[in-house]
Amino acid sequence: DLIESVYSNIEETDDEVGAFITLNKEEALNAAKKVDEKGVEEGNVLSGLPIGIKDNISTKGVKTTAASKMLENFIPIYDATVVEKLNQAGMISVGKLNMDEFAMGGSTENSAMKITRNPWDLTRVPGGSSGGSAAAVAAGQIPVSLGSDTGGSIRQPASFTGLVGMKPTYGRVSRYGLIAFGSSLDQIGPFTRTVKDNALVLNAISGTDDKDSTSYRGNTPDFTENIDEGVKGLRIGVPKEYFNEDGKETTIEKSVREALDAYKEMGAEIVEVSLPHSKYGIPAYYIIASSEASSNLQRFDGIRYGYRSNNIGSLEDIYVKSRSEGFGLEVKRRIMLGTFSLSSGFYDAHFKKAAQARTLIRQDFAKAFEEVDVLVAPTTTSTAFKIGGKIEDPIAMYMADVLTVPVNLAGVPSLSMPCGFFEGLPIGMQIIGKQFDEQTIYKAAYAYE
Ligand code: GLN
């Protein structure tokens with residue numbers, strides 16, 4: 001009955017919101033029946049709960065498009081490891097969520113399927129690239145969804161829609177079955193309304209996976225354990241470069257400062273720290289992510305996967321025309337940027353430099369974490385912008401990721417949570433942790449929720 005009512009709610013609201021690309025009602029009702037028959041195991045609070053999945057995460061027998069014409073009709077023959085794990089936990093996947101094509105973008109306007117609207121204001125974007133995942137939870141269609149975050153795609157939409165979104169430590173969650181964008185940056189993580197729910201879902205999807213050679217071989221703790229311990233004695237770093245240094249405070253910064261005051265009152269120690277190389281985050285990220293993407297997307301050749309042009313004279317036509325017609329504008333831009341950065345003669349000046357900048361950024365975080373337990377900063381420099389507001393200006397869209405990409409380059413975990421409002425729109429703050437120390441992030445987030 002719960003799953004039936006989820007679908008009637010989605011049917012009522014999704015014309016307006018546009019969060020879903022595919023609904024898999026039949027499969028979901030079957031899965032729900034199985035959960036009913038088996039009965040809920042004691043202590044398994046996730047059993048029977050509906051969840052939505054970003055459409056770049058493979059679901060066996062259910063269309064997985066990455067919001068690209070290239071994969072419009074692609075039906076995977078296996079589940080991503082995270083989907084397998086959700087099934088084991090008894091969660092019911094109800095459908096696949098809209099996104100920027102191949103997760104490239106920050107507004108979900110790069111989807112080849114449709115646009116998604118922000119439930120707080122339907123004239124605004126929900127953020128991206130996991131915009132459908134954010135909008136569906138914010139609209140109350142589902143309580144939980146999964147997204148992916150390569151340079152901010154969980155945290156930025158969470159901040160635009162007033163949700164809790166976690167980008168786990170690189171390696172914490174298996175990437176097996178996630179359609180690869182920037183393989184050294186990509187992580188899957190949950191969107192929820194509350195911090196505790198988020199920790200519960202991360203419990204379910206984390207763990208070592210032999211099918212992902214970069215998955216972490218260490219232990220997976222219970223992320224809800226000690227979540228209510230409070231922040232007394234916690235050392236919170238404030239990276240000064242993540243705030244305007246000209247003395248003018250934005251409303252977003254004021255909201256984050258209020259949170260810091262509250263933490264201080266609860267017994268935390270607030271320390272100013274410096275992440276001086278984060279200013280190279282945007283150029284380094286867009287070179288590295290695009291380079292990896294240009295390699296990862298080579299498999300879409302019109303033969304092995306997805307779309308093939310009808311209009312073919314030669315073998316070369318299959319590749320050229322299928323890719324020209326199957327990929328959208330932003331994806332092509334990234335492939336060109338990445339191929340150029342990796343090409344001989346330009347590699348040293350571009351890819352190599354970006355990799356060096358990445359090392360400096362990573363070292364900044366390591367140094368800061370010698371002094372503090374977590375870092376707190378705004379997630380974004382603005383609240384949700386208007387549909388159409390940035391899509392014609394790719395550089396402006398890229399620049400908007402300035403506060404989220406350094407975290408991915410460093411591989412550290414970061415959670416975005418709501419911390420206020422500006423003109424009726426939610427503001428997000430991120431809590432960044434040490435590698436594999438999501439527990440402390442959740443503890444800090446829970447204390448301020
Ligand atoms: N907005 C960033 C980009 O376009 C991040 C995307 C992501 O995290 N998937 O690359």
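Computed values, structure above
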{"quantity": "DSSP H segments from the chain that extend 18 Å or more along their own axis, Cα-based, with Kyte-Doolittle mean of 0.0 or above", "calculated": "281-296, 329-342"}
{"quantity": "Probe 1.4 Å, all protein chains present, accessible-area order of Tyr307, Tyr285, largest first", "calculated": "Tyr307, Tyr285"}
{"quantity": "Cα convex hull of the range 101-192 - mean projected area over all directions, nm²", "calculated": "5.4 nm²"}
{"quantity": "Highest-MSF residue in the chain out of Asn310, Asn24, Asn244 [GNM, Cα springs under 10 Å]", "calculated": "Asn310"}
{"quantity": "With eigenvalues of the C-alpha gyration tensor scaled by 5 and rooted, the range 159-255, Å", "calculated": "29, 19, 14"}
{"quantity": "Length gained when the stretch Asn73-Glu269 is fully extended (0.36 nm per residue, less Cα-Cα span)", "calculated": "65.3 nm"}
{"quantity": "Reciprocal mean inverse distance between Cα atoms of the chain - Kirkwood radius, Å", "calculated": "21.9 Å"}
{"quantity": "Entries in Lys85/Lys386; Lys96/Lys196; Lys279/Lys352; Lys367/Lys390; Lys248/Lys443; Lys279/Lys321 that, when Cα-Cα distance is taken, lie over 27 Å", "calculated": "Lys85/Lys386; Lys367/Lys390; Lys248/Lys443; Lys279/Lys321"}
{"quantity": "Probe 1.4 Å, accessible area per residue of the range 318-362, Å²", "calculated": "56 Å²"}
{"quantity": "Reachable aspartates and glutamates, given that their alpha-carbon falls under 14 Å from the alpha-carbon of Lys114 and they are not under 8 places away in the same chain", "calculated": "Asp14, Asp15, Glu16, Asp55, Glu72, Asp100, Glu101"}
{"quantity": "Carbon plus sulfur fraction of accessible area for the range 315-404, probe 1.4 Å, in percent", "calculated": "60 percent"}
{"quantity": "Extension gain (nm, one decimal) between Met336 and Glu4, 0.36 nm per residue minus Cα-Cα", "calculated": "115.0 nm"}
{"quantity": "Assigned charges on the beta-carbon of Lys, Arg, Asp, Glu; the chain dipole about Cα centre (debye)", "calculated": "1180 debye"}
{"quantity": "Choice from Thr161, Thr116, Thr194 showing the highest fluctuation, given a GNM over the chain with Cα pairs closer than 10 Å", "calculated": "Thr194"}
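The values are calculated or read from the model by the stated rules, or taken from the named source; none is laboratory data. In this text, all values refer to a predicted model and were calculated from it rather than measured experimentally. Every residue, glycine as well, gets a Cβ built from its backbone with ideal geometry; the counts of neighbours run over all protein chains shown. The area values use the complete protein model at the heavy-atom level, side chains included, leaving out ligands, DNA and RNA. Shrake-Rupley method; radii C 1.70, N 1.55, O 1.52, S 1.80 Å.
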